[in-house]
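Scroll down for the structure; my scribbles are underneath it.
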Amino acid sequence: MLHLTKELLEKPLTATSPEPTVQRTVVALLAVLLLVVLAFFGIHQFRHADPYVKDVLSHAGDVQRGEFIFQMNCAGCHGFDASGWVGPNLHRVASRKSRIGLIHQVTSGETPPMPQFQPSPQEMADLLEYLESL
């Protein structure tokens with residue numbers, strides 16, 4: 001049997017507000033819109049990437065060759081094991097930067113004191129493979 005207390009019987013009934021549902025719907029729609037915009041710009045950026053980037057991304061990289069390139073050109077600042085020294089720690093760098101972002105970082109020289117470096121497309125693909133393995 002159901003026992004109702006006096007408090008429950010005297011408590012006024014209130015309808016639940018539809019506002020949380022509307023707010024959740026608006027947030028969900030904004031999230032979907034943001035994903036569509038990001039996808040569009042990601043595709044657009046890749047489609048209009050410069051020929052060097054397209055060439056690099058068309059090559060399969062080799063981790064061992066990439067590590068050798070890193071040791072010869074990058075370890076002086078980023079450390080022998082890429083854990084940082086003058087330059088930052090590069091472990092998990094691929095989770096912070098896209099492949100295109102990494103290519104730009106290496107080749108641009110826009111972040112002093114990092115020098116501009118222009119490896120061949122195959123060398124850059126190898127270096128990317130190594131960086132992604134960290």
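Suppose the chain between Val63 and Glu19 were pulled fully straight at 0.36 nm per residue; how much longer would it get relative to their current alpha carbon spacing? Can you show the working numbers first?
Working: separation 44, 0.36 × 44 = 15.84 nm, distance 5.32 nm.
Once the chain is fully extended between Val63 and Glu19, it gains 10.5 nm.
Would you work out which of Gln71, Gly84, Ala125 lies farthest towards the positive end of the dipole of the range 51-133? Charges go on Cβ: Lys and Arg +1, Asp and Glu -1.
Checking the options against the dipole of the range 51-133, the answer is Gly84.
Once you put a point 7 Å from the Cα of Ser95 and another 7 Å from the Cα of Glu132, both along the Cβ direction, what distance in nm separates them?
Each label point lies 7 Å from its Cα, and together they span 1.6 nm.
How many angstrom lie between the Cα centre of the range 83-102 and the Cα centre of the range 54-70?
15
State the extension gain, in nm to one decimal, for the chain segment bounded by Tyr52 and Met72, taking 0.36 nm per residue of separation less the distance between their alpha-carbons. Working shown, then result.
Numbers: separation 20, 0.36 × 20 = 7.20 nm, distance 2.16 nm.
Gain in length upon complete extension: 5.0 nm.
No value in this document is a laboratory result; all are computed from the given coordinates. Small disclaimer: the values here were computed from a predicted structure and weren't measured. Note that each Cβ is placed from the backbone with ideal geometry, even for glycine, and that neighbours are counted across all protein chains shown.
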